[in-house]
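In what follows, a single structure is set out as structure tokens and then discussed.
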Amino acid sequence: MRASLAQILAAAGFLTASAVGPFVPSAIAASNDDVLDVTSPNEIAGLDPAKSGYIFSRTQVVETLFTINRDRKLVPMLARESRTENDGLIWHFTLRDDVVFHDGTPMTPQIVADDLQRAFERPGVLHQAPITKIAATDNGIVVTLSSPFAMLPAFLSHYSTVILAPSSFDENGDVTSIIGTGAYKVDTVTPPLHVELSAFDQWWNGHAHIEKINYLAIGRGETRTMMVQSGDADLAISLLPVSVTQLKSNPDVNVTIATVPRTRMLKLNLAKPFFDEVTERKALSMAINREALSAVVMRNRDLAATKLFPPSIPGWSTDDSAPLEYNPDAARKLLADAGWKPGADGVLENDGKRFEVTLRTYASRPDLPLLATALQSQLRDVGIAVNISVGSYTEIPAGHADGTLDLALLTRSFSQVPDPAATVIADYGPGGADWGSMNWSNTEAFDLVADLKSTADPIARVAIQEKLAAILQNDLPTIPVVWSELAVASTAKLENVYVDPYEQNYHLADMRWAP
């Protein structure tokens, strides 16, 4: 038999082992019980889509008007088509007319309009759009804008804009149950760890091949690896690089890896005298041996981030600017040219100020502290003293807000909205952002950011993106370190496993058991 849920939770540290008895993975034989057991590190923070909508969208319980397909193109989902008028200030979205919620009620334009209005008024990406009105029509909705916003369909693919049945809400408008339109319906949900799902037989897009899903949030990567090895998980999402090496030697487990639009990078406070000149930032970049970091920590030399945007992001990684290189001798010369000279202990000084900074990072991404320690050594080699502070990820936006941040090592995703421009506009526009630039000013870049918001023509957008990417590569308001992979392990008996690089969908409905 497989381990019980309580035993797995005990192994993961959520319960004491004495409460459930010993948990010995090697003694557990996997059984094909026709339930697909899925584990990932993502907990269920609550039922509101703004908090945990991504859990229910990835497991295909809820759906949005648009989505990203396997060709990485934005395509209609609950919408059937879209068009604009009045120079992009009015968007018309025609909806599918064959969609039914899990409670049996039909999806109507008014329900969609109400849900999107609620998403616009609450925390989430849609609030960033210049929307003045959302109204229902006979067969769809009309969204009116105060200024052109070419990324609106991409924003309508974000998990915070999922469409829920009216019965999902109480009289105060709070979400009390998840009743969507997707391939699977919720049987039970136990925040923050556990969801049980079953196939919905009235799904507009067909029928899932596997009838039952058991989702369990397990924060520890080692535990997820142990579960897939023992057969207690059929699908394990987001594995540590060291676990990937271990699992590849197991004939009963398949490992699938995709490079994702996510970059580990350094966030710099450009108001500090250490980083206020581009010469200093270039020297800092040249002191980083990215290939060594990607080989040792990420276990893949190809993840060395020679540019901000990984090759997996179409239209952003094709600029002709020179890749970032490791050259500590050139770094020392640039720093000397900027007035930094070695002190008695080898740490650089300039006008009596030591080049000593505090780097903030967080442990919820387990590779970040390892990368920080390696960076500390590499930067010390050119005379930069780095003190590492590992705490909550919230300390980075807090340091941005109060100006106390020197330097931060963080992970930035360019796929929260499937158009990376949404993240770029937030991070590198005027004023910067919690997870982006800090005290950076570049008029040309800000003009390009403004153009991105309103330009709909795809050819023109690529030209803007390439110009902006070249500026970010040269000016380095943030410094890329390594790119990221998403590794998924699955039992060999599971077919049609697909790793979505934009992390919007696990595609559970497409999976099936091998005959």
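Some notes on this structure:
- Enumeration of residues in segment 140-151 that are within 23 Å of Pro49 (Cα to Cα), touching a strand residue (DSSP E or B) at 6+ places or on another chain (Cβ under 7 Å) and either modelled with pLDDT under 95 or among the small types (Gly, Ala, Ser) (or both): Gly140
- Within segment 489-511, the only residue that satisfies the criterion of being surrounded by fewer than 19 Cβ atoms within 10 Å (Cβ to Cβ), of a type outside the set (S, T, N, Q) and on the phi > 0 side of the Ramachandran plot is His507.
- Filter result for Lys212 (under 21 Å from Ala514 (Cα atoms), free of Cβ contacts under 8 Å to residues at least 40 places away in the same chain, touching a strand residue (DSSP E or B) at 6+ places or on another chain (Cβ under 6 Å) and surrounded by fewer than 22 Cβ atoms within 10 Å (Cβ to Cβ)): no
- Single condition Ser18 does not satisfy, out of (1) more than 25 Å from Leu494 (Cα to Cα); (2) of a type outside the set (Phe, Trp, Tyr); (3) modelled with pLDDT of 50 or more: (3)
- Taking segment 342-385 as the range and being in contact with a strand residue (DSSP E or B) (Cβ under 6 Å, 6 or more places away or on another chain) and basic (Lys, Arg) as the test, the residues that pass are Arg360, Arg365.
- When restricted to residues that are within 19 Å of the chain's Cα centre (by Cα) and either over 29 Å from Thr455 (Cα atoms) or β-branched (Val, Ile, Thr) (or both), segment 465-483 contains 4.
- Any hit, segment 149-157, residues being surrounded by fewer than 21 Cβ atoms within 10 Å (Cβ to Cβ), aliphatic (A, V, I, L, M), part of a helix (DSSP H, G or I) and touching a Leu at 6+ places or on another chain (Cβ under 9 Å): yes
- Considering segment 403-515, the qualifying helices (runs of 4 or more DSSP H), each wholly inside and each with 1 or more residues that are polar (S, T, N, Q) and at pLDDT 95 or above, run over 443-454, 458-475.
- Tally, over segment 368-387, of residues that are surrounded by fewer than 15 Cβ atoms within 10 Å (Cβ to Cβ) and outside any helix (DSSP H, G or I): 2
- Screening Asn172 with (1) in the same structural domain as Arg118 (by TED's automatic domain parsing); (2) modelled with pLDDT under 95; (3) surrounded by fewer than 22 Cβ atoms within 10 Å (Cβ to Cβ); (4) under 30 Å from Pro420 (Cα atoms) gives one miss only, at (4).
- Residue match in segment 470-478 (condition: out of contact with any Cys (no Cβ under 7 Å at 6 or more places or on another chain), assigned by TED's automatic domain parsing to the domain that holds Ala287 and under 26 Å from Pro153 (Cβ atoms)): yes
- In this structure, Ala426 does not qualify as surrounded by fewer than 19 Cβ atoms within 10 Å (Cβ to Cβ) and either touching a strand residue (DSSP E or B) at 6+ places or on another chain (Cβ under 9 Å) or under 30 Å from Thr373 (Cα atoms) (or both).
- Flag if Arg332 is surrounded by fewer than 20 Cβ atoms within 10 Å (Cβ to Cβ), basic (Lys, Arg) and in contact (Cβ under 8 Å) with a residue 12 or more places away in the chain: yes
- Strands (runs of 3 or more DSSP E) within segment 201-316 that include 1 or more residues under 30 Å from Leu452 (Cβ atoms) and either aliphatic (A, V, I, L, M) or under 23 Å from the mean Cα position of the chain (by Cα) (or both): 253-268
The values are calculated or read from the model by the stated rules, or taken from the named source; none is laboratory data. These numbers come from a predicted model, not from an experiment. As a convention, Cβ positions derive from the backbone with ideal geometry for all residues, glycine included, and neighbour counts pool all protein chains shown.
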